[in-house]
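Input: a single structure, listed below in structure tokens.
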Amino acid sequence: MTQEKSIYIQIKEMIERDILNGVLLEEEKVPSTNELAKLYAINPATAAKGINLLVDEGILYKKRGIGMFVSDGAKGTIRKKRKDHFFDDYIKGMLVEAESLGISREEIIDMIASGKGEESYE
């Protein structure tokens, strides 16, 4: 059974996506917790929890009395973190499963390159 992600995690990931996609640029102000709360009809404390995770990771920083801003280098930091997660979440498991099925790394590469699965190996 898959559990839906917490709202504050969704807020965090939405801001990360906006940074990766160039919607939010480095050194640009991000929406306030109150703006996010109003936009998504959530408690401001929930929005703040998502924002604070990004501050803890160095993705955002606070300018006292002005608001939260995207840190210099945030896009690269997010991209590296997601690439690492991609390897851990997808590639490792795929290699273990391929080994159990007797699929060589060369066959995996061919499958990926051709965009084809089992039908090309029968």
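Key figures
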{"quantity": "Total lysine pairs whose alpha carbons fall under 18 Å of each other in the stretch 13-122 (8 or more apart, or interchain)", "calculated": "13"}
{"quantity": "Solvent-accessible heavy-atom area per residue, rounded to whole Å², over the chain at 1.4 Å", "calculated": "71"}
{"quantity": "At least 15 Å along the helix axis (C-alpha) and Kyte average at least 0.5, DSSP helices within the chain", "calculated": "44-56"}
{"quantity": "Carbon and sulfur %, accessible surface of the chain computed with the full protein complex present, 1.4 Å", "calculated": "54"}
{"quantity": "Kirkwood Rh, Cα atoms: Rg over Rh of the chain", "calculated": "1.15"}
{"quantity": "Additional length obtainable on full extension of the chain from Glu106 to Lys80, 0.36 nm per residue less Cα span", "calculated": "6.8 nm"}
{"quantity": "P(r) tail fraction, the stretch 50-91 - alpha-carbon pairs more than 14 Å apart, %", "calculated": "53"}
{"quantity": "Length-normalised contact order for the stretch 19-84 - Cα pairs under 8 Å, 6+ apart - percent", "calculated": "38"}
{"quantity": "Stretchable slack from Lys116 to Ala98, in nm (0.36 nm times residue separation minus alpha-carbon distance)", "calculated": "5.0 nm"}
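The values are calculated or read from the model by the stated rules, or taken from the named source; none is laboratory data. Only a predicted model underlies this, so the values are computations on that prediction, with no experimental measurement involved. Calculation scope for accessible area: heavy atoms of the full protein, side chains included, ligands and nucleic acids excluded. Shrake-Rupley method; radii C 1.70, N 1.55, O 1.52, S 1.80 Å.
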